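Coordinate-derived values only; no laboratory data. Quick caveat, the model's predicted, so the values are computed rather than measured. In this analysis, Cβ positions are derived from the backbone assuming ideal geometry, glycine residues included, and neighbour counts consider all displayed protein chains.
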Amino acid sequence: MGILKILFFILVLAVNIEARPISYSGGSTIMIKSDSLSNSTYFHYSPSFKYSIGIENTNNKIFKDNKNYIRFTYLLNRKNALNSQRNLYFQSGIDVGNKNNHFYGAHGDWETRRWFAGFGYKNIQSKTNNDYENKYIQFGVAPYIGDYGDFHTWLMVKTRKSSLTKNTSTYPILKFFSGDALVEVGYDNRTNWDLHLMYRF
């Protein structure tokens, strides 16, 4: 995905969203992700705030193949404190073309209006290619505290590792969100761009 297309997408969406894999009850979300391993487009619908179901098209850059997953995400735990929130999610997916291609994992986060910490684990099983795992941890700070509906900014650091490439990389991430749109942009000279775009409706 060219940088001009990314910038155009940001301008079109530039309109308080949180990076949640489950929307409010009856809500839908579209996500576009791109990194050194894959490109993906994911749409999901949330019948309840506890879970979402959707479909994801993934293009694996290493194996040069495409898969279409039916995805299910479930909120295992949420803790709302006076000044913070904690979330833990289960994620899974199965390829509509071959049930032997599937994945499962977990991801979670804890945040205040100033601080953020998150992690993710994903185990990808494939009939035709090697099975592998992706893991990451991410920490961030908001340089200013915005009100509801403002344009919000986070400065983050992300470390990720894939058993497929055997690489571990740590790099900065910029996260912006406003209204129903979110953008995350990171770069590392070993793993190239790490992009995440989200729009909720």
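Rank these for me by crowding, 64, 161, 127, going from fewest to most other beta carbons within 10 Å.
Details: 64 8, 161 16, 127 11.
So the residues, fewest neighbours to most, are 64, 127, 161.
Determine the sum of side-chain charges near residue 196: Lys and Arg each +1, Asp and Glu each -1, restricted to other residues whose C-beta is under 11 angstrom from that of residue 196. Let's see the in-between values first.
Details: positive: 33, 158, 175; negative: 35, 184, 194.
So the environment of residue 196 carries a net charge of 0.
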Non-local amide H neighbours of residue 165 (under 5 Å, H modeled in plane, Pro and chain starts lacking H): which ones? none
Anything over 19 Å Cα to Cα? Flag those among 33/99; 61/99; 135/158, in the order listed. 33/99; 61/99
Can you tell me the equivalent ellipsoid semi-axes for region 3-200? Use √(5λ) from the Cα gyration tensor, largest first, whole Å. 26, 20, 17
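Is region 88-151 best put as rounded, prolate or oblate by its Cα gyration tensor, with a ≥ b ≥ c the root eigenvalues, rounded for a/c under 1.5, and otherwise prolate when a/b is larger than b/c, oblate when not? Working shown, then result.
Numbers: a/c = 3.83, a/b = 2.72, b/c = 1.41.
Verdict is prolate for region 88-151.
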Rounded to the nearest 0.05, FRET efficiency between residue 110 and residue 144 (Cβ-Cβ, R0 22 Å) equals 0.65
Quick one: Cα centre-to-centre distance for region 61-137 and region 151-198, in angstrom? 15 Å
What length, rounded to one decimal in nm, is gained on full extension from residue 78 through to residue 167, with 0.36 nm per residue of separation minus their alpha-carbon distance? 28.8 nm
By how many nm would the segment from residue 151 to residue 63 lengthen if fully extended, with 0.36 nm per residue of separation less the alpha-carbon distance? 27.8 nm
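Please arrange 148, 187 by counting, for each residue, the other beta carbons lying within 10 Å of its beta carbon, fewest first. Present the calculation step by step, with values, prior to reporting the outcome.
Working: 148 6, 187 13.
If I rank by nearby Cβ atoms, fewest first, I get 148, 187.
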